[in-house]
Each structure stands twice: as structure tokens, then as C-alpha cells.
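For reference, the structure discussed in these notes is given below.
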Amino acid sequence: MPIQYHCYMLVDVYRVRYRGVKQERERIRKDKHRGELSYLTRLWDPRPGRSVMKAVLLGADGERYVLPVLDHARVVEVRGEGLLITGMEVIPTSRGIKNIKSDRYPQTWWCVKVS
């Protein structure tokens, strides 16, 4: 049975990029979103460092996405009560018969635990 990694906590998330372009510090501070952070395995691989992770920020109902999903997510820094997570933001654009079409942009989240 593959190991599934899960992390759940109430956080404020600051998005560092908009459509892949890094934003100015003041704009980042204004773009705050609160929700339940889930960091979990999307595709498991037994080789170390090969599993594909995703990060999701869910609303209070536990079902609604507050932000688009962060695919191929990696925790790159842990500092105090904060986590820096980077990955590819997946923004659905339309639904096809066989799959969902989406735009993908590099994204970084600065996540601060809510006390």
C-alpha cells in the first residue's frame, strides 16, 4: 500500500505570482486568502522524491476551492509559522468530452498558520 502524505491546517495564503509573473511586495500583501490547506499525494511513486504532490486551499465548507489547485507542489521553505510552497497553478478554462482544458502557470504560495 503506497504511503499517502496529508497535511491540513488553517492558513492565510499570499500568492506571489499572477499568471506566472512575480508581483510586487505590496500587491502580494493585499492578495490574502484564508482557508484549510491540504498538501497531499496526487501520484505516488515508491522512489524517494518522485511522488507528485498537490496543494489545495479549501473554504470553510471543506469542498469549495478558494484558490486554483497547485499541482506538482513542493514545500521549499519552512520558517516559523510559515511555509513556502511552489508548483503549477491549474486554472480550468473549459470542459471537453475527454478531459478538462486548463491554463497552467508557475505559482508560489506563502502560507502562514492562523493561530
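Among the residues of the stretch 73-91, are any out of contact with any helix residue (DSSP H, G or I) (no Cβ under 6 Å at 6 or more places or on another chain), surrounded by 11 or more Cβ atoms within 10 Å (Cβ to Cβ), among the basic types (Lys, Arg) and in a strand (DSSP E or B)? Among the residues of the stretch 73-91, at least one is out of contact with any helix residue (DSSP H, G or I) (no Cβ under 6 Å at 6 or more places or on another chain), surrounded by 11 or more Cβ atoms within 10 Å (Cβ to Cβ), among the basic types (Lys, Arg) and in a strand (DSSP E or B), which makes the answer yes. Only a single criterion out of (1) at pLDDT 85 or above; (2) in a strand (DSSP E or B) is not satisfied by Ser94, namely (1).
Only one of the listed residues (Arg29, Arg34, Arg50) is at pLDDT 80 or above and outside any strand (DSSP E or B). That residue is Arg29.
The values are calculated or read from the model by the stated rules, or taken from the named source; none is laboratory data. All figures in this text were calculated on a predicted structure; none of them were measured in a lab. For neighbour counting, all protein chains shown are included, and Cβ atoms are generated from backbone atoms with ideal geometry for every residue, glycine included.
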